[in-house]
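Bear in mind these aren't lab numbers, they're just calculated from the coordinates by the rules spelled out. Remember, it's a predicted structure, so these values are computed and weren't measured experimentally. Here the Cβ positions follow ideal geometry from the backbone for every residue, glycine too, while neighbour counts run over all protein chains shown.
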Amino acid sequence: MSDTASRPTESAARPQRTAHKRRYLMCRPEHFTVSYSINPWMEPSRPTDTALAVRQWQALHDAYRELGHEVELIDPLPGYPDMVYTANGGFVIDGIAYGPKFRYVERQGEAPAFIAWFRANGFDTREPEEVNEGEGDFLLAGDVILAGTGFRSTGDSHAELGRVFGREVVSLTLVDPRFYHLDTALAVLDPVPDADGRVNIAYLPSAFDDASRAELERRFPDAIRASEEDGAVFGLNAASDGFNVIVSPRAVGFAEQLRERGYNPVAVDLSELLRGGGGIKCCTLELRGAAGGSAA
Ligand code: ARG
């Protein structure tokens, strides 16, 4: 059985896109709150609504399931309100899970739980030496890994990542504290390259320094450049299966840009989780199995 399904395009001018079945790791935000501040979005003085966070998270979970994706769950740990942002729990390709080493002490206790989950679920785990926040800062784009630095993951982690996976790592420097992880400023739209080996990305140009912007323009001349407005509502923190792109309902212009390229934007609102500085992609860690497939 094939794990892909072709969808008809809306108009002949729009490229045909293909949805690819994905496997994701998520964590129910049972202990979600904002009790400390490690990014500009977090305001501990404003009370949070944990039940609302759980309901919104559930809608994201259910949207993935309805699209036919597999969702694995890791148990939430009391005292670790940011564990819902599983993207930071590691980076997984070919069944190899490179573990996280969190920058701030508030999240460091999550790392052993993620490593234990990978081990218990049959992944080949690699414990990191260098500070890195997993798929929050590392995104697989075809053959290369795009890797963010500037706020969380270090440049040394990019070198370590290259050694672990034996792939080219393209370092990108983030400069706006609101966009402190790569996945807040850049989305990979094609989990699987097209017949010509290409993948589309979308990004917020102002979140990067000049050299990184030039590198992105050179490598991805056809990329979607998102507007400041769509970036500011975490529009780039989106999850794509190659056709369906789960995206914030506030990123109206970005949704239109996606439609023009033949993608199907699916709106899911995670407003309560945005108060921790995370959105759709932050709550989603991709589990790429052996031979590049989506299952381990
Ligand atoms: N409060 C969390 C932190 O600052 C949010 C993490 C968001 N995750 C992400 N992949 N961008 O670490």
HN-Hα couplings for the range 230-241 via Karplus (6.51, -1.76, 1.60; θ = phi - 60°), in whole Hz with x for Gly/Pro, come out as 5, x, 5, 9, 6, x, 6, 7, 10, 10, 10, 9
Calculate, axis by axis, the spread of Cα positions in the range 117-176 along the three principal axes, and write the results as whole Å, longest axis first. 37, 23, 16
Please report 41, 117 as a ranked list, fewest other C-beta atoms within 10 angstrom at the top and most at the bottom. 41, 117
Check: the range 19-128 dipole with +1 on Lys, Arg Cβ and -1 on Asp, Glu Cβ, in debye: 160
Which cross-chain or sequence-distant (5 or more) residues have an amide H under 5 Å from the amide H of residue 26, H modelled 1.01 Å from N in plane? 72, 73, 74
With a cut-off of 8 Å between alpha carbons and a minimum separation of six or more residues, what is the relative contact order of the chain in percent? 22
Once you wrap a convex hull around the alpha carbon atoms of the range 1-144, what is its projected area averaged over all directions, in nm²? 11.6
Could you run the Karplus curve 6.51 cos²θ - 1.76 cosθ + 1.60 with θ = phi - 60° over the range 26-37 and give me ³J(HN,Hα) per residue in whole Hz, x for Gly and Pro? 10, 9, 4, x, 5, 10, 5, 6, 10, 10, 8, 10
Provide, as a two-decimal number, the C-alpha radius of gyration of the range 157-257 over 2.2 N^0.38 Å, N being how many residues it has. 1.08
Projected onto the charge dipole of the range 70-172 (+1 at Lys/Arg Cβ, -1 at Asp/Glu Cβ, origin at the Cα centre), which of 128, 142, 90 gives the Cα projection farthest towards the positive end? 128
Phi to ³J(HN,Hα) by Karplus 6.51 cos²θ - 1.76 cosθ + 1.60 over the range 44-50, Hz, x for Gly, Pro: x, 6, 8, x, 9, 10, 5
Residues meeting the amide H criterion for residue 190 (H placed from the backbone, H to H distance under 5 Å, 5 or more places apart or on another chain) are 200
Can you list residues whose amide H is under 5 Å from residue 261's amide H, if they're 5+ apart or on another chain and H is modeled 1.01 Å from N? none
Given Cβ point charges of +1 (Lys, Arg) and -1 (Asp, Glu) and nothing else, what value in debye, to the nearest 20, does the dipole of the chain about its Cα centre take? 340
Computed from the beta carbon distance with a Förster radius of 22 Å, FRET efficiency for residue 14 and residue 192 to the nearest 0.05 stands at 0.75
Explain nothing, just the number: dipole magnitude of the range 229-270 about its Cα centre with +1 on each Lys and Arg Cβ and -1 on each Asp and Glu Cβ, in debye rounded to the nearest 20. 60
Ranking 26, 42, 83 by Cβ neighbours within 10 Å, fewest first, what do you get? 42, 26, 83
Among 263, 279, 99, which residue has its Cα furthest toward the positive end of the charge dipole of the chain, with +1 on Lys/Arg Cβ and -1 on Asp/Glu Cβ? 263
Could you tell me the largest-minus-smallest coordinate of the C-alpha atoms of the range 71-145 on each of the three principal axes, in descending order and whole angstroms? 37, 25, 23
Reduced to Cα centres, the span from the range 88-113 to the range 240-256 in Å works out to 27
Would you please state the base-10 log of I(q)/I(0) at q = 0.12, 0.21, 0.23 1/Å for the range 217-296, with intensities from the Debye formula using one equal scatterer on every alpha carbon? -0.39, -1.00, -1.10
Looking at the chain from every direction and averaging, what is the projected area of its Cα convex hull in nm²? 14.1
